[in-house]
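Here is the structure we will look at.
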């Protein structure tokens, strides 16, 4: 059966490249969700509208379960970082799950419970707390992002952020999620070597 879920966990360019290549995912679109009701957001206005960068996933739950999607989600981003992922900072990069029917709400809460066991290590030197939020919203609350953001990494392979951040995250995700990947997933370009003077102090570029 076809179902939908919307996920926020940092730059949407990264998550689109990861989730569109999972088996059972029929469509993965980047966009915005979770902001001021009735206000149509744009990439330039999310700071004002409080929308998060998201991927809207249409999937066949006979091929991949919602539990599997949620567990993948918590492996490919850090749900303990409040309003940021790495160097991408701001409310638009928050960790959030948006479900579109009531029965998926408990599934999301259960997934957060599993994530807490993974991320909240008792006795850790630096305590961590999962900050992912869950909301039940109509599908109409998802707003498709501008066309130039769709499959951005594929269309812009020379973009510095894509080369140094997106590709690395996709490579890591494919190792973690290898049993869930589509067999036809395209190879990820190798990460370019940094000049020696920059290698110890390299920083991620913002998602723009």
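For region 2-180, what does the relative contact order come out to in percent, with C-alpha contacts under 8 Å and a separation of six or more? Walk me through the intermediate numbers first.
Working: 318 pairs, mean separation 52.7, N = 179.
So the answer I get is 29 percent.
Quick check: from the Cα gyration tensor, does region 31-118 come out rounded (a/c under 1.5), prolate or oblate? In terms of gyration-tensor shape, oblate. Normalised by 2.2 N^0.38 Å, where N counts its residues, the alpha-carbon radius of gyration of region 96-146 equals 1.46. Working from label points 7 Å from Cα in the Cα-to-Cβ sense, the residue 135 to residue 106 distance is 2.4 nm. Taking the helices alone, the chain has a mean residue ellipticity at 222 nm of -7500 deg cm²/dmol, built from -39,500 (n - 2.57) per DSSP H run of at least 4 residues and averaged over all its residues. Using only the alpha-carbon atoms of the chain as identical scatterers, what base-10 log of I(q)/I(0) does the Debye formula give at q = 0.11, 0.15 Å⁻¹? Ignoring solvent entirely, the Cα scatterers give -0.50, -0.96.
Just so you know, all these numbers are worked out from the coordinates, no wet-lab data involved. As the structure is a computational prediction, the values presented were derived from the model and not from experiment. Don't worry about glycine lacking a Cβ; one is built from the backbone with ideal geometry, like all the others, and counts go over all protein chains shown.
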